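Have a look at the structure below, then the notes.
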Amino acid sequence: MSQHTLPELPYPYDALEPFISRQIMELHHKKHHQTYVNALNAAEQAYAKASTPKERIALQAALKFNGGGHINHSLFWKNLAPSKSEGKGNGGVIADGALKNAITQTFGSFENFQQQFTTATLGIQGSGWGWLGVDPKTGRLEITTTANQDPLLTSVPLVGVDIWEHAFYLQYLNVKADYLKAIWSVINWEEAEKRFTEATSGARL
Amino acid sequence: MFAIARSAVRSRASAARFSLTATAASIHTLPKLDYAYDALEPHISGEIMQLHHTKHHQTYVNGLNAAEEAYAKTETPKERIKLQAALKFNGGGHINHSLFWKNLAPTNAGGGALEAGPLKEAIDRDFGSFDKLKEKMNATTAAIQGSGWGWLGYNNATKKLEIVTTANQDPLLTGLTGMPRRTAHAPIIGIDIWEHAFYLQYKNVKPDYLKAIWNVVNFKEAEKRLVEATQ
């Protein structure tokens, strides 16, 4: 049976500094995400051996939580990039194009979008994720949140921000708002545009 | 502070009615710790205690006061419904942390020392031994999928101590015991497993935090709560 593996980061651990510290990136990738991968593999192995509904039901929570954790973090590493403002990459800059237009049309301005996204993500009561997603049928953008490691299912994820405390605490302590301000500098809008184009290209699934 | 837990356990509805329909908004305040910020070291660092108390708990207090002030001004059901999430989250956060500070104590003030008495008897009776309780409670708490609390609770229906968990800042009123059945529990010992409770010191290694915290659990306070719950 094929095993899930921890995907490599597309950049070094310190590449997102000063916005996200090397220490956080190392722990987040090598410990937290790795734990979701290991536990997902264990849960799937156990599921393959399950022979009764009761046994399968008992594994649902582990499959959901670790499957979601693996998906969410795999998407997350790709939707970050070293920042343009530090001269390290293209992170933080949204090029003119279909996605930028859609954001401006939907939210009034890019700044309004950022504000709404930040407010929604700050409002999560516990652990979870803030998302910008697109409805592939209508092309409508939505800002939404998911709890714990629930993946985004109501729309196609374009940008996700991890607001579990392990994502920022070592650097930003309790000041979530500073983390959310900083992370804009390392959002990979090229990746977000790619996902937007793919989702809205009218492909019949 | 125990009065808050008691009223929360016995009658959520009447407690809510008291605080929310008062014409003057009730002002909650951050309770002081009974010990210095570094008094729980090396088990919980002074840095964590200070942030946890002055920032995280304070934020729940401020959020609760703001929500209750807004509630006092509401005129329609729609407006009140909108405030439910803030009242639940910040109210729970305030109760949970108020109980938490009291169920910790420095080792030179009895922290970590479970002495002979009704609590020890109940633990031996319901778990076999203190070590077995710790093992089970740590495993259950570590397995919470997200933020939340691990509790040793007293189940008044079964007359037993049980390990239950609550999500986010939900207080212990009805605990999930692993069976599809909810029963009311009185909180005896609570362990905060939100990452802010341990990350600066223990990073991702939750089990080390859970092992360490037993050195500073205030068993005298826990016993007081059990005795009151069983009266």
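Derivation of every value follows stated rules applied to the coordinates shown; laboratory data play no part. These numbers come from a predicted model, not from an experiment. Cβ atoms come from the backbone with ideal geometry, glycine included; neighbour counts cover every protein chain shown.
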Original post:
What aspartates and glutamates could a cross-link reach from B:Lys82, if we take a straight Cα to Cα line under 15 Å and drop same-chain neighbours fewer than 8 places away?
Top reply: B:Glu68, B:Glu69
Subject >> Average Cα contact separation per residue, segment A:22-79, under 8 Å, 6 or more apart, as relative contact order % >> reply: 42 percent
Original post:
Shielding of B:140-147 by partners, i.e. mean partner chain Cβ atoms within 10 Å per residue?
Top reply: 4
Original post:
Once you sort the root eigenvalues of the Cα gyration tensor of the protein assembly as shown as a ≥ b ≥ c, which label holds: rounded (a/c under 1.5), prolate (a/b larger than b/c) or oblate (the other case)?
Top reply: prolate
Original post:
Want the number for A:Thr104 to A:Thr138: 0.36 nm per residue separation, take away the alpha-carbon distance, what's left?
Top reply: 10.6 nm
Original post:
Just for segment B:109-230, what percent of DSSP beta bridges are antiparallel, to the closest 5?
Top reply: 100 percent
Subject >> Span from the segment A:136-157 Cα centroid across to the segment A:10-40 one, whole angstrom >> reply: 23 Å
**OP:** Starting from the Cα of B:Lys159, draw a straight line to each of the lysines and keep only those under 17 Å, dropping any in the same chain fewer than 8 residues away.
**Re:** B:Lys120, B:Lys224
Subject >> Neighbourhood charge, 13 Å Cβ-Cβ cut-off, centred on A:Tyr169 and excluding it, Lys, Arg +1 and Asp, Glu -1 >> reply: -2
Original post:
What is the gain in length, in nm to one decimal, between B:Thr54 and B:Glu135 on full extension, counting 0.36 nm per residue of separation less the C-alpha to C-alpha distance?
Top reply: 26.1 nm
**OP:** First select every other residue whose beta carbon is under 14 angstrom from the beta carbon of A:Gly91; then total the charges, Lys and Arg +1, Asp and Glu -1.
**Re:** -3
**OP:** Go ahead and estimate [θ] at 222 nm for the protein assembly as shown from helices alone: -39,500 (n - 2.57) per DSSP H run with n ≥ 4, summed, over the residue count, rounded to 500.
**Re:** -14000 deg cm²/dmol
Subject >> Cβ-Cβ FRET estimate between A:Tyr47 and A:Glu198, R0 fixed at 30 Å, reported to 0.05 >> reply: 0.50
**OP:** Using packing as a proxy for protection, rank B:108-114, A:179-185, B:146-152 so that the peptide with the highest average count of other Cβ atoms within 10 Å comes first.
**Re:** B:146-152, A:179-185, B:108-114
Original post:
Between A:Leu158 and residues 5 or more places away or on another chain, which pairs have amide H atoms under 5 Å apart, with H built 1.01 Å from N, and which residues are they?
Top reply: A:Leu132, A:Gly133, A:Val134
Subject >> Estimated vicinal HN-Hα couplings, Hz - segment A:109-119 in sequence order (Karplus 6.51, -1.76, 1.60; Gly, Pro = x) >> reply: 7, 5, 5, 4, 4, 4, 4, 5, 4, 4, 4
Original post:
Label points 7 Å out from Cα along the Cβ direction at B:Thr74 and B:Lys211: separation in nm?
Top reply: 4.7 nm
Subject >> Distance in nm between pseudo-label sites at A:Asn112 and A:Lys64 (7 Å out along the Cβ direction from Cα) >> reply: 3.6 nm
Subject >> Nearby lysines by direct alpha-carbon distance to A:Lys100 (threshold 24 angstrom, same-chain neighbours under 8 apart not counted) >> reply: A:Lys78, A:Lys84, A:Lys88, A:Lys137, A:Lys181, A:Lys194
Original post:
What average count of beta carbons from other chains do you get within 10 Å of the Cβ of residues in A:59-67?
Top reply: 1
Original post:
Counting other Cβ atoms within 10 Å of each Cβ, which GluC sites (Glu not before Pro) in segment B:37-110 have at most 11 and sit in a DSSP loop?
Top reply: B:Glu75
**OP:** Measure off 7 Å from each Cα along the Cα-to-Cβ vector at B:Ala116 and A:Ser74, then give the distance between these two points in nanometres to one decimal.
**Re:** 5.9 nm
